[in-house]
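Engineer: Have a look at the structure that comes next, please.
The values are calculated or read from the model by the stated rules, or taken from the named source; none is laboratory data. Computed from a predicted structure; not experimentally measured. Cβ coordinates were reconstructed from backbone atoms using ideal geometry, including for glycine residues, and neighbour counts include every protein chain displayed. Calculation scope for accessible area: heavy atoms of the full protein, side chains included, ligands and nucleic acids excluded. Shrake-Rupley method; radii C 1.70, N 1.55, O 1.52, S 1.80 Å.
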Amino acid sequence: MINEKKYKVGMYGGAFNPLHLGHLECIIKAAAQCEELYIIISYCKHANDVDVKVKIRWVYQLTKHLGNVKIITLEDKLMNKADYTEKYWQQDCKQVKEQIGKKIDVVFCGSDYDESSFWNQCYEESEFIVFPRNQYNSTMIRKNIYAHWDWMPQIVRSHFVKKVLLIGGESVGKSTLTINLANYYNTNYLEEVGRDLSELSGTDVYMLSEDFTRILLEHKAKEMRLLADSNKVLFEDTDCLITRFYMDFLEDENVENNAKLAEAIARLNSYDLILFLEPDVAWVQDGDRSEVIAADRTKYSNQIKEFYKKYGFDFQVIRGDYVCRFEQAVKLVNEMLY
């Protein structure tokens, strides 16, 4: 027996700032009852609102498998919600109806709205259905995103993942600390991509220029992939500016072009926390580490610091033994998240 949908055209709207599981439940239930469901995404052009293109991606990724969901945007030009009076209700209603271009049979809302809301009063010719929204609330999420992490779908969480970069010279414990922190916070880490690629000829002394290019591109591409499913924070072992430092140190033959690429990526990069590890732990010859750097660790460590300062990156300095380094890092990460 064919189960025909109850309504031809339905509508569900919200600011989705951010989109949470309550929104998603309403969308799923509404889409199941309509031949066509229009999602109205309202947005403001100010810093407190998530970019509308990001909201569109959230809704699209969460509904593309359904086949009957269409997305419409509606700009909110008022800075204060209290100013949103009946005059503006009617203006927005007119815009929505024009975009949909057909009779709206039903308007769906979450239980944070009732029959007195503009959703009901402006679309009085449509049936009005309220879904219970349980405990989920965008205002509470905005006040403390990481305390309400489980209230958001993964596609939404990825937008709010913090990035922590670990930098420093050779043999300061970056790789070990990166993995330890990722395990402690139950999340992903981005290993030093250049470690294996720099030894394609057995030693970094014989690196080709194309190896630097590959390191730069693969590191950035992998970062973007890992952000999609990280848990609150992504830890990164070095980045493009460390690669830039080694271009000079290893005298890359194509340093001019690779430097331009490294600097372009640096301008795209942003981090929520950068941890600089001082060279005050014992040197360990692990693989092909440079004895030249080992002979004057402070000199090369300071050169790396200057690279980051030059490109406008601030960092927190981590010192002491390995226990102290872990404890300092955890303290700084917790301050960032909570």
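Engineer: Within the stretch 217-266, track down each residue that is touching a Ser or Thr at 6+ places or on another chain (Cβ under 7 Å), farther than 21 Å from SER301 by Cβ and not acidic (Asp, Glu).
Structural biologist: LEU227, ALA228, SER230, ASN231, LYS232, VAL233, LEU234, ASN254, ASN258, LEU261 - these are the residues of the stretch 217-266 that are touching a Ser or Thr at 6+ places or on another chain (Cβ under 7 Å), farther than 21 Å from SER301 by Cβ and not acidic (Asp, Glu).
Engineer: Which residues, taken from the stretch 121-145, are buried (at least 17 other Cβ atoms within 10 Å of the Cβ), part of a helix (DSSP H, G or I) and either out of contact with any His (no Cβ under 8 Å at 6 or more places or on another chain) or free of Cβ contacts under 8 Å to residues at least 60 places away in the same chain (or both)?
Structural biologist: Answer for the stretch 121-145, where residues must be buried (at least 17 other Cβ atoms within 10 Å of the Cβ), part of a helix (DSSP H, G or I) and either out of contact with any His (no Cβ under 8 Å at 6 or more places or on another chain) or free of Cβ contacts under 8 Å to residues at least 60 places away in the same chain (or both): just ILE145.
Engineer: Also, I was wondering about something else. Out of GLU327, GLU306, GLU335, report the one residue that is within 22 Å of the chain's Cα centre (by Cα) and either assigned to a helix (DSSP H, G or I) or within 18 Å of TYR189 (Cα to Cα) (or both).
Structural biologist: None of the other options fit; the residue is GLU335.
Engineer: I'd like to verify a number: residues in the stretch 283-294 that are among the aliphatic types (A, V, I, L, M), open to solvent by 50 Å² or more (accessible area, probe 1.4 Å) and closer than 21 Å to ARG244 by Cα, how many?
Structural biologist: Residues in the stretch 283-294 being among the aliphatic types (A, V, I, L, M), open to solvent by 50 Å² or more (accessible area, probe 1.4 Å) and closer than 21 Å to ARG244 by Cα: 1 in total.
Engineer: Follow-up question, since we're still on this one. Right, VAL156: open to solvent by 60 Å² or more (accessible area, probe 1.4 Å) and part of a helix (DSSP H, G or I) or not? Working first, answer last.
Structural biologist: Values: open to solvent by 60 Å² or more (accessible area, probe 1.4 Å): no; part of a helix (DSSP H, G or I): yes.
The answer is no for VAL156.
Engineer: Name the residue, out of LYS309, LYS260, LYS299, that is open to solvent by 80 Å² or more (accessible area, probe 1.4 Å) and under 24 Å from LEU234 (Cα atoms).
Structural biologist: Unique residue meeting the criteria: LYS309.
Engineer: Which residue pairs have Cβ atoms closer than 6 Å, lie 6 or more positions apart in sequence or on different chains, and pair a first residue in the stretch 7-29 that is farther than 17 Å from VAL130 by Cβ with a second residue that is among the acidic types (Asp, Glu)?
Structural biologist: Every condition considered, the pairs that remain are LYS8/GLU35; LYS8/ASP105; VAL9/GLU36; VAL9/ASP105; ASN17/ASP49.
Engineer: Still on this structure: Of the conditions (1) assigned to a helix (DSSP H, G or I); (2) at pLDDT 90 or above; (3) open to solvent by 10 Å² or more (accessible area, probe 1.4 Å); (4) of a type in the set (D, E, K, R), GLU223 clears all except one; give me its number.
Structural biologist: Among (1) assigned to a helix (DSSP H, G or I); (2) at pLDDT 90 or above; (3) open to solvent by 10 Å² or more (accessible area, probe 1.4 Å); (4) of a type in the set (D, E, K, R), the lone unmet condition for GLU223 is (3).
Engineer: A further question on this structure: If I go through the stretch 175-192 residue by residue, how many of them are open to solvent by 20 Å² or more (accessible area, probe 1.4 Å) and in contact (Cβ under 8 Å) with a residue 60 or more places away in the chain?
Structural biologist: Counting residues in the stretch 175-192 that are open to solvent by 20 Å² or more (accessible area, probe 1.4 Å) and in contact (Cβ under 8 Å) with a residue 60 or more places away in the chain gives 5.
Engineer: A follow-up question, please. In the stretch 110-137, which residues are within 30 Å of ASP229 (Cα to Cα), modelled with pLDDT of 90 or more and in contact with a helix residue (DSSP H, G or I) (Cβ under 7 Å, 6 or more places away or on another chain)?
Structural biologist: PHE131, TYR136 - these are the residues of the stretch 110-137 that are within 30 Å of ASP229 (Cα to Cα), modelled with pLDDT of 90 or more and in contact with a helix residue (DSSP H, G or I) (Cβ under 7 Å, 6 or more places away or on another chain).
Engineer: List every residue pair whose Cβ atoms sit under 7 Å apart, with the two residues 6 or more apart in sequence or on different chains, where the first one lies in the stretch 300-312 and is more than 16 Å from PHE249 (Cβ to Cβ) and the second, anywhere, is of a type outside the set (Asp, Glu).
Structural biologist: So the pair list comes out as TYR311/LEU241; TYR311/ALA266.
Engineer: Residue by residue through the stretch 28-58, note down the ones that are more than 16 Å from the chain's Cα centre (by Cα) and assigned to a helix (DSSP H, G or I).
Structural biologist: ILE28, LYS29, ALA30, ALA31
Engineer: Select from the stretch 314-324 the residues that are touching a residue at least 40 places away in the same chain (Cβ under 8 Å) and either closer than 29 Å to ILE141 by Cβ or over 22 Å from the mean Cα position of the chain (by Cα) (or both) and list them in ascending order.
Structural biologist: Step one: of the stretch 314-324, the residues touching a residue at least 40 places away in the same chain (Cβ under 8 Å) are 314-322.
Across the stretch 314-324, the qualifying residues are ASP314, GLN316, VAL317, ILE318, ARG319, GLY320, ASP321, TYR322.
Engineer: Taking the conditions exactly as written (out of contact with any helix residue (DSSP H, G or I) (no Cβ under 8 Å at 6 or more places or on another chain), modelled with pLDDT under 95, of a type in the set (S, T, N, Q) and assigned to a loop (DSSP other than H, G, I, E, B)), does SER201 satisfy them or not?
Structural biologist: yes
Engineer: Anything in the stretch 263-282 that is surrounded by fewer than 16 Cβ atoms within 10 Å (Cβ to Cβ), in a loop (DSSP other than H, G, I, E, B) and at pLDDT 95 or above? List them, or say none.
Structural biologist: SER270, ASP272
Engineer: Just checking, does the stretch 138-155 include any residue being at pLDDT 90 or above and in contact with a strand residue (DSSP E or B) (Cβ under 9 Å, 6 or more places away or on another chain)?
Structural biologist: Step one: list which residues in the stretch 138-155 are at pLDDT 90 or above, which gives 138-155.
Those still in the list that are in contact with a strand residue (DSSP E or B) (Cβ under 9 Å, 6 or more places away or on another chain) too: 138, 146.
Scanning the stretch 138-155, I find at least one residue that is at pLDDT 90 or above and in contact with a strand residue (DSSP E or B) (Cβ under 9 Å, 6 or more places away or on another chain), so the answer is yes.
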